[in-house]
Amino acid sequence: MAGPVVAGKSDHWGSRFGFIMAAVGSSVGLGNLWRFPFTAGENGGSAFIVIYLISVLIFGLPVLMAEYALGRHGQRSSIATLRKITTEENKPKAWIGMGWLGAIASLLLFSFYIVISGWVFDYIPQSFSGAFSNFASETELLNASIGQTVASINSQITTVHLSSACAFVSDGVITQVPEMVNGEEVLRDITVGDVSGCRFAETTGNKLEIFFYTAAFLALNVIILARGVKGGIERAAEILMPAFFIMLLGLVVYACIFGDFAGAASFLLTPDFTKVTFNTVLAAVGQAFFSLSVGSCVMFTYGAYLTRETSIPKNACLVAGADTFVALIAGFAIFPIVFAFGLNEAGGPGLLFVTLPIAFGQMPTFIGAVFFTLALFAAFTSAISLLEVGVSWLEDQKSIGRVKGAIGLGLVMLAFATAYIFRGDLIDHADFLSGTVMLPLGGALIGIFAGWVVPRHILEKELGTGKHLQLVLLLLRFIIPVFITLILISGIYTKFFG
Ligand code: PHE
């Protein structure tokens, strides 16, 4: 892994506002709008949220500070920074491997993140078309047509194509839906959820269309990254994030006025700790890493563009605070709607794409369109941060300019994305490997590296010398490595033997 210690970055954030927008933009993404609500919903709501908040403070925030600190100290891409620190301080070169782990995790995350973003993109025109508003009436029609052939009612159904992706279509005939109850298969009527689920399955099954939206999303990423840090990433974030916040607040106000605010508030704010299991804790810690974008050297990379005047502890708190605020606010935009329409709050990963469209179908068309647009903006500013890890590395280590680097990496990512589009189950594996294994592992390694290997004077220079440094060091040295190791072992055990 030998290589030259390259010169520092010349590009920097243009302003503190710009940096904050870019950093908040990286953190706030599908993790907040898609992953957080469904994970909270599946894990009982408020008790999960309390544990999540504690995880952000104990695990997420210290690693975030460490990533910014090392990044700014190095002024280079993550791998180049680790090479510089290990060379200058005469430390084992094996630590450079941590940078590789982060870069691979980021690219792996990116490769499927853009496919999910492609689904979000696809749902914007679908929302505008008003298709969701026919779910209820067409469900009735479908139930009345059980036993008939698809061909005979196809012309009356507009929301789905009655393909084999629908649970209620079998051999070209409309059937009741088979469901397992206590180990036995029973047949039940078709629900609105089945119709919405079918639409989602048909959307993701339309490979050419998803490829088009994914490629378009990727192309926008490449264009922004090619324009550099100040002129690309920062400018995009300065425009998209404020627009995101305005839309989100509008949606929350709408949801709280027209939705079941009391139901959502009691679900989100009255903790019931009897429902907490070890898996709840695992889910909360994993979500904290994912949502704050820590553990994969993304914030390491963004830290390299920080100017000396910026206070890292203050800004890390601000970014973590804003990310957590958006997750909670997203809960308040989504759960009042879920409860008002009697939908299942534990709807799982489909919450965003299956459950919400049912509710959007009963509201003015633009509400759904606004929601998916804001989700796309959030996903975009997160995706660019993931790809920047690779672009920055190519720039430093291979002297490949940003334009060429972004295009080249983009093409490689498109090849991966195409594989997921054709084999959807690969997304689950990539998500598990990157999200559940690599991010926490990266977080623990960053904790050990910053806490035990990096000389203290470097951290003092970057983070200041107050009492907070002792606390951060305590967490980085002991609490984080020990807990994360436990979490990783149990997470992998549950996956394969649980
Ligand atoms: N934090 C992003 C989100 O919530 C995802 C992400 C993870 C981005 C890791 C960068 C690094 O969607």
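The values are calculated or read from the model by the stated rules, or taken from the named source; none is laboratory data. Nothing here was measured: the structure is a model prediction, and the numbers come from that model. Virtual Cβ from ideal backbone geometry, glycine too; neighbours counted across all protein chains shown. Heads up: the accessible areas ignore ligands, DNA and RNA and are worked out on the full protein's heavy atoms, side chains in. Shrake-Rupley method; radii C 1.70, N 1.55, O 1.52, S 1.80 Å.
For segment 79-88, state whether one or more residues are hydroxyl-bearing (Ser, Thr, Tyr) and within 16 Å of the ligand (Cβ to nearest atom). It would help to see each step written out before you state the result.
Applying the first criterion (hydroxyl-bearing (Ser, Thr, Tyr)) to segment 79-88 yields 81, 86-87.
Still in the running and within 16 Å of the ligand (Cβ to nearest atom): none.
Looking through segment 79-88, none of the residues is hydroxyl-bearing (Ser, Thr, Tyr) and within 16 Å of the ligand (Cβ to nearest atom).
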(Q) Can you list residue pairs whose Cβ atoms sit under 8 Å apart, with the first residue in segment 18-39 being assigned to a helix (DSSP H, G or I) and the second being near the ligand (Cβ under 9 Å from one of its atoms) and among the aromatic types (Phe, Trp, Tyr)? Count only pairs 6 or more apart in sequence or on different chains. (A) Leu30/Tyr113; Gly31/Phe290; Arg35/Phe290
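With respect to Ile384, determine if the residue is assigned to a helix (DSSP H, G or I), away from the ligand (no atom under 16 Å from the Cβ) and out of contact with any Cys (no Cβ under 7 Å at 6 or more places or on another chain). Even if it seems obvious, please write down each step before you answer.
Values: assigned to a helix (DSSP H, G or I): yes; away from the ligand (no atom under 16 Å from the Cβ): no; out of contact with any Cys (no Cβ under 7 Å at 6 or more places or on another chain): yes.
It is false that Ile384 is assigned to a helix (DSSP H, G or I), away from the ligand (no atom under 16 Å from the Cβ) and out of contact with any Cys (no Cβ under 7 Å at 6 or more places or on another chain).
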**Q.** Test for Leu426: is it more than 15 Å from the ligand (Cβ to nearest atom), open to solvent by 20 Å² or more (accessible area, probe 1.4 Å) and at pLDDT 90 or above
**A.** no
**Q.** From the options Leu240, Leu225, residue that is under 26 Å from Ala359 (Cβ atoms), out of contact with any His (no Cβ under 8 Å at 6 or more places or on another chain) and modelled with pLDDT of 85 or more
**A.** Leu240
Q. Which of the residues belonging to segment 368-379 are under 16 Å from Ile223 (Cα atoms) and in contact with a Gly (Cβ under 8 Å, 6 or more places away or on another chain)?
A. Ala379
Q.
Just to check your reading of the model, which residue among Tyr493, Tyr420 is within 30 Å of Asn221 (Cα to Cα) and in a helix (DSSP H, G or I)?
A. Tyr420
Q.
Given (1) open to solvent by 10 Å² or more (accessible area, probe 1.4 Å); (2) in contact with a Lys or Arg (Cβ under 7 Å, 6 or more places away or on another chain); (3) within 16 Å of the ligand (Cβ to nearest atom), identify the lone condition not met by Thr310.
A. (3)
**Q.** Selection within segment 461-498 - of a type in the set (Val, Ile, Thr) and either touching a residue at least 60 places away in the same chain (Cβ under 8 Å) or more than 21 Å from Gly71 (Cβ to Cβ) (or both)
**A.** Val472, Ile479, Ile480, Val482, Ile484, Thr485, Ile487, Ile489, Ile492, Thr494
Q: Take the residues in segment 162-182 that are free of Cβ contacts under 8 Å to residues at least 12 places away in the same chain and among the aliphatic types (A, V, I, L, M), then tell me which one is least open to solvent (accessible area, probe 1.4 Å).
A: Val181
Q) Taking segment 190-230 as the region of interest, how many residues are surrounded by fewer than 22 Cβ atoms within 10 Å (Cβ to Cβ), of a type in the set (Ser, Thr, Tyr) and out of contact with any Asp or Glu (no Cβ under 9 Å at 6 or more places or on another chain)? A) 1
Q. Which of the residues that make up segment 395-423 are under 21 Å from Phe212 (Cα atoms) and open to solvent by 70 Å² or more (accessible area, probe 1.4 Å)?
A. Ile407, Leu411, Val412, Phe416, Phe422, Arg423
Q. Taking segment 450-463 as the search range and keeping residues that are surrounded by fewer than 17 Cβ atoms within 10 Å (Cβ to Cβ) and under 31 Å from the mean Cα position of the chain (by Cα), which one is farthest from Pro62 (Cα to Cα)?
A. Val453
Q. Has segment 429-436 got at least one residue that is away from the ligand (no atom under 16 Å from the Cβ) and in contact (Cβ under 8 Å) with a residue 40 or more places away in the chain?
A. no
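Can you find, within segment 31-58, the residue that is modelled with the highest pLDDT among those that are of a type in the set (Phe, Trp, Tyr) and within 14 Å of the ligand (Cβ to nearest atom)? It would help to see each step written out before you state the result.
Restricting attention to segment 31-58, the residues satisfying the condition of being of a type in the set (Phe, Trp, Tyr) are 34, 36, 38, 48, 52.
Of the ones still in play, those that are also within 14 Å of the ligand (Cβ to nearest atom) are 34, 36, 38, 52.
Numbers: Trp34: 84, Phe36: 88, Phe38: 79, Tyr52: 93.
So, considering only residues that are of a type in the set (Phe, Trp, Tyr) and within 14 Å of the ligand (Cβ to nearest atom), the one modelled with the highest pLDDT is Tyr52.
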**Q.** Matching residues, segment 464-498, being more than 25 Å from the chain's Cα centre (by Cα), of a type in the set (Lys, Arg) and loosely packed, with under 12 Cβ neighbours inside 10 Å
**A.** Lys467
